[in-house]
1. K17 - would you say it is charged (D, E, K, R), under 23 Å from I182 (Cβ atoms) and either out of contact with any Gly (no Cβ under 7 Å at 6 or more places or on another chain) or surrounded by 13 or more Cβ atoms within 10 Å (Cβ to Cβ) (or both)?
2. Of a type in the set (A, V, I, L, M, F, W, C) and within 22 Å of R180 (Cα to Cα): which single residue out of L54, L67, L47, L36 fits that description?
3. Taking segment 109-143, which residues are closer than 21 Å to M157 by Cβ and among the hydroxyl-bearing types (S, T, Y)?
4. Taking A132, is it among the aliphatic types (A, V, I, L, M), without any contact (Cβ under 8 Å) to a residue 24 or more places away in the chain, assigned to a loop (DSSP other than H, G, I, E, B) and surrounded by fewer than 19 Cβ atoms within 10 Å (Cβ to Cβ)?
5. Report every pair of residues separated by at least 6 positions or lying on different chains whose Cβ atoms are under 8 Å apart, first residue within segment 137-163 and farther than 27 Å from A99 by Cα, second assigned to a helix (DSSP H, G or I) and among the basic types (K, R).
6. Taking the stated definitions as given, is K41 part of a loop (DSSP other than H, G, I, E, B) and either at pLDDT below 85 or under 29 Å from A172 (Cβ atoms) (or both)?
7. Based on what the data block shows, is T179 of a type in the set (S, T, Y) and farther than 18 Å from S15 by Cβ?
8. Residues that are out of contact with any Leu (no Cβ under 7 Å at 6 or more places or on another chain) and either among the small types (G, A, S) or surrounded by fewer than 21 Cβ atoms within 10 Å (Cβ to Cβ) (or both): find the helices (runs of 4 or more DSSP H) completely inside segment 141-200 holding 3 or more of those.
Amino acid sequence: MLSFTSADYSAILLSLKVAVTATLLSLPFGFAAAYLMTYRKFRGRFLLDVFVNLPLTLPPVVVGYLLLLLLGRNGWISRLALQPLGIHLLFTWKAAVIATAVVGFPLMVRSMRTGMETIDERLVQASRTLGAGLFNSIFTVVLPLSMRGIIAGAVLMFARGLGEFGATIIVAGNIPGVTRTIPLAIYEYVSSPKGDVMALALCLVSVAISIVVLLFHEWLSARVVRTD
């Protein structure tokens, strides 16, 4: 009878933990980036667009290596912000969160932009004319009306996080019980003799989680439509 080991359960729980954390941490930044790219015209907007979407075109291994250079002992982010505070990120589950967030961020922003672009700009202008401030206009008009795009972006990032491999293995490694997620566990089983059955079992777990997430997305989107 097929049975998962404690390392397998740890990989499943860690995958969920990393994907959820990366999604929640990215939501405010994704919304801000989508808002700037949709409603604001400024110099450097094209560069912001390129910077946000760059991880979408780069191989994940390249993204992971660049993060390794930035967060490593000699990286400028590590020297300026992490080392003075005694923070160590590489080869921890937090590094996997960062890798997942960076790789999935463009998908989140694109979905949010799609939702914002469907909003009639006259509604935003009307709120400002009636005396609403910038943040009041955002939270009372833009945020509610773009909720379907926000939900879609969050689901896309979560799904991308469950399947993240290339960037994660570079910055977090493949440490059982510490940084090994479902994709890394599958890779480990496929690379070992007679590991095909367990690899297939973890693939089925990934499929089951993905189906649940998609069903939740459809249910939540339907509720948003009804409240509109």
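1. Details: charged (D, E, K, R): yes; under 23 Å from I182 (Cβ atoms): yes; either out of contact with any Gly (no Cβ under 7 Å at 6 or more places or on another chain) or surrounded by 13 or more Cβ atoms within 10 Å (Cβ to Cβ) (or both): yes.
In short, yes.
2. Values: L54 fails: within 22 Å of R180 (Cα to Cα); L47 fails: within 22 Å of R180 (Cα to Cα); L36 fails: within 22 Å of R180 (Cα to Cα).
Just a single option satisfies the conditions, and that option is L67.
3. S111, T114, T118
4. Values: among the aliphatic types (A, V, I, L, M): yes; without any contact (Cβ under 8 Å) to a residue 24 or more places away in the chain: yes; assigned to a loop (DSSP other than H, G, I, E, B): yes; surrounded by fewer than 19 Cβ atoms within 10 Å (Cβ to Cβ): yes.
The answer is yes for A132.
5. Cβ pairs passing all conditions: S137/R128.
6. Values: part of a loop (DSSP other than H, G, I, E, B): yes; either at pLDDT below 85 or under 29 Å from A172 (Cβ atoms) (or both): yes.
In short, yes.
7. Details: of a type in the set (S, T, Y): yes; farther than 18 Å from S15 by Cβ: no.
No.
8. Numbers: elements: 147-162, 166-171, 182-190.
Filter on segment 141-200 gives 147-162, 182-190.
The values are calculated or read from the model by the stated rules, or taken from the named source; none is laboratory data. On a predicted model such as this, the values are computed, not experimentally measured, just so you know. All Cβ positions, glycine included, derive from the backbone under ideal geometry; neighbour counts span all protein chains shown.
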